[in-house]
């Protein structure tokens, strides 16, 4: 009896190992170097996800294997591509072969623009794009100003008692207030009301994507061992239903009161009518409501993350900050102190500082694609590389942004790289904080406008200095974001 039990267990274990190893060899056949996988089928990526710093892991593999390498995440084969020319081929020239993303929620009503694929993605992109035209963004400027002014007023009050400011929570509140006002028509004021629902669930949304426990590690490894497990369990982030319900509630209020200022909620209601009329057959009304999640996901943590790290970059580089202050003061004096679309467009050094910070500290450190049709490099530019349907593509943006081949002295903060006179030095597709190709971030112009206004109004009132707590400490277990705990900077009031 004992022998039979032992044989049964051995058979089960061997069967599990063979199942986990079922994709081994797929990457090796492409001819790219491959991180050696575990003999037991646990892949070649670190098993302890919650203890892994993925930026360091990507940099280590890049230095060892070059711009293209293969790795197995448990059973899933991934091609890691840090070659700008190949990224252009994948995300632009051959987009139809690589149009999908990896993660796709099982429940359709939570599949937002960033996670939808195929016809759903095309219809959502077409339906939402009018929200982010230059004209629409200009129409939101007053709303952005109000939220930024709330932040500056908060800082002026807070720094009278203590000039040391926790920077990230300050910008998180501002970013959520901008979204609440511009997208949902809600006056949230997260400084006075930090428990409002948009702020609460917006913060939780990104905390849920960091794998910080062994149980989270096991769950992710199981998902990577067999994607079909998603059909057996609900992998929807817990904050999604709450954010969906907030969006739906505002939609109903707007339906009852009539059209508003042409904001995001108005756009969702217009799109819902078109869906009900059969204009977008791949969508349903519930999925349209789910796009409120996309606005928060795309505009909250990425914006606050970038502004926080930018303030640290300026504080650590006082000569850069002084140059930026001179530009801000000069341009505002020429425009009678008015901060508007024309004012910020006349500040090239400000834009250069934001872009350089997005290079050094990209809020999205990795992106992905899924090969949905076999692709062959017929040009020979990439050694005749063949990518089979079902292969996952990882795009390690942080690695590309720190490659000295494209960015001399990559760890040095040098905004002049992005001034017009030096534009010819930038390798195409080597700067990718907003992605590339048809799936490039739909809200890039909105985000840049918001960040410029925030920095101008902040620098009108304060200069920044580091203190003993001014340090970015990257989180382990963050597989796609530039995650770090909050830190403080010293805000010095400028003389009026």
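The values are calculated or read from the model by the stated rules, or taken from the named source; none is laboratory data. Bear in mind the structure is a predicted one, so any value in this text is a computation, not a measurement. Don't worry about glycine lacking a Cβ; one is built from the backbone with ideal geometry, like all the others, and counts go over all protein chains shown.
Structural remarks
- Selection status of residue 443, modelled with pLDDT under 95, within 30 Å of residue 170 (Cα to Cα) and under 17 Å from the mean Cα position of the chain (by Cα): yes
- Filter pass, residue 394 being surrounded by fewer than 20 Cβ atoms within 10 Å (Cβ to Cβ) and in contact with a helix residue (DSSP H, G or I) (Cβ under 9 Å, 6 or more places away or on another chain): no
- Sole exception among (1) modelled with pLDDT of 95 or more; (2) surrounded by fewer than 20 Cβ atoms within 10 Å (Cβ to Cβ); (3) in contact with a helix residue (DSSP H, G or I) (Cβ under 8 Å, 6 or more places away or on another chain); (4) closer than 26 Å to residue 338 by Cα for residue 492, by number: (3)
- Matching residues in the stretch 370-410 - criterion: being on the phi > 0 side of the Ramachandran plot and at pLDDT 95 or above: 409
- If the condition is being within 10 Å of residue 150 (Cβ to Cβ) and at pLDDT below 85, then the stretch 171-194 contributes 187, 188, 189.
- Failed item in (1) surrounded by fewer than 15 Cβ atoms within 10 Å (Cβ to Cβ); (2) under 25 Å from the mean Cα position of the chain (by Cα), with residue 253 passing the rest: (2)
- Count of the stretch 59-97 residues which are at pLDDT below 95 and either in a loop (DSSP other than H, G, I, E, B) or at positive phi (or both): 2
- Remark: residue 113 matches the filter, which requires a residue to be crowded, with 19+ Cβ neighbours inside 10 Å and part of a loop (DSSP other than H, G, I, E, B).
- Residue 339 being modelled with pLDDT of 95 or more and over 22 Å from the mean Cα position of the chain (by Cα): no
- When the stretch 57-82 is filtered for residues that are in contact (Cβ under 8 Å) with a residue 40 or more places away in the chain and surrounded by fewer than 19 Cβ atoms within 10 Å (Cβ to Cβ), only 59 remains.
- Matching residues in the stretch 459-474 - criterion: being in a loop (DSSP other than H, G, I, E, B) and crowded, with 18+ Cβ neighbours inside 10 Å: 470
- Close pairs (6 angstrom Cβ cut-off, 6 or more residues apart or separate chains): closer than 24 Å to residue 481 by Cβ in the stretch 414-440, loosely packed, with under 14 Cβ neighbours inside 10 Å anywhere: 434/440
- Test: residue in the stretch 296-315 that is in contact with a helix residue (DSSP H, G or I) (Cβ under 7 Å, 6 or more places away or on another chain) and more than 24 Å from residue 351 (Cβ to Cβ): yes
- Condition met for residue 129 (surrounded by fewer than 22 Cβ atoms within 10 Å (Cβ to Cβ) and within 17 Å of residue 449 (Cβ to Cβ)): yes
- Search result, residues across the stretch 186-198 that are touching a helix residue (DSSP H, G or I) at 6+ places or on another chain (Cβ under 7 Å), crowded, with 18+ Cβ neighbours inside 10 Å and more than 19 Å from residue 263 (Cα to Cα): 190, 191
- In summary, residue 139 fulfils each of the numbered conditions (1) under 30 Å from residue 340 (Cβ atoms); (2) without any contact (Cβ under 8 Å) to a residue 60 or more places away in the chain; (3) over 22 Å from the mean Cα position of the chain (by Cα) with the single exception of condition (2).
- Checking each residue in the stretch 397-428 for being surrounded by fewer than 20 Cβ atoms within 10 Å (Cβ to Cβ) and under 22 Å from residue 99 (Cβ atoms) picks out only 428.
- Those residues of the stretch 384-415 which are under 22 Å from residue 23 (Cβ atoms) and either assigned to a loop (DSSP other than H, G, I, E, B) or over 25 Å from the mean Cα position of the chain (by Cα) (or both), in sequence order: 384, 385, 386, 387, 388, 389, 390, 391, 396
Conditions (1) surrounded by 16 or more Cβ atoms within 10 Å (Cβ to Cβ); (2) within 15 Å of residue 491 (Cβ to Cβ); (3) in contact with a helix residue (DSSP H, G or I) (Cβ under 8 Å, 6 or more places away or on another chain), marked per residue:
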position: 137; (1), (2), (3): yes, no, yes
position: 151; (1), (2), (3): yes, yes, yes
position: 157; (1), (2), (3): no, yes, no
position: 179; (1), (2), (3): yes, no, yes
position: 184; (1), (2), (3): yes, no, yes
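- Flag for residue 46 being closer than 16 Å to residue 223 by Cα and free of Cβ contacts under 8 Å to residues at least 24 places away in the same chain: yes
- Pairs linking a residue in the stretch 161-172 that is farther than 17 Å from residue 199 by Cα to a residue that is part of a strand (DSSP E or B), with Cβ atoms under 7 Å and 6 or more positions apart or on different chains, are 163/490; 163/491; 163/492; 164/488; 164/490; 165/488; 165/489; 165/491.
- Conditions (1) buried (at least 21 other Cβ atoms within 10 Å of the Cβ); (2) out of contact with any helix residue (DSSP H, G or I) (no Cβ under 6 Å at 6 or more places or on another chain): number failed by residue 171: (2)
- The stretch 202-216, residues that are within 19 Å of the chain's Cα centre (by Cα), in a helix (DSSP H, G or I) and either surrounded by fewer than 23 Cβ atoms within 10 Å (Cβ to Cβ) or free of Cβ contacts under 8 Å to residues at least 12 places away in the same chain (or both): 203, 204, 205, 206, 207
- Residue within the stretch 267-285 that is part of a helix (DSSP H, G or I) and modelled with pLDDT under 90 present: yes
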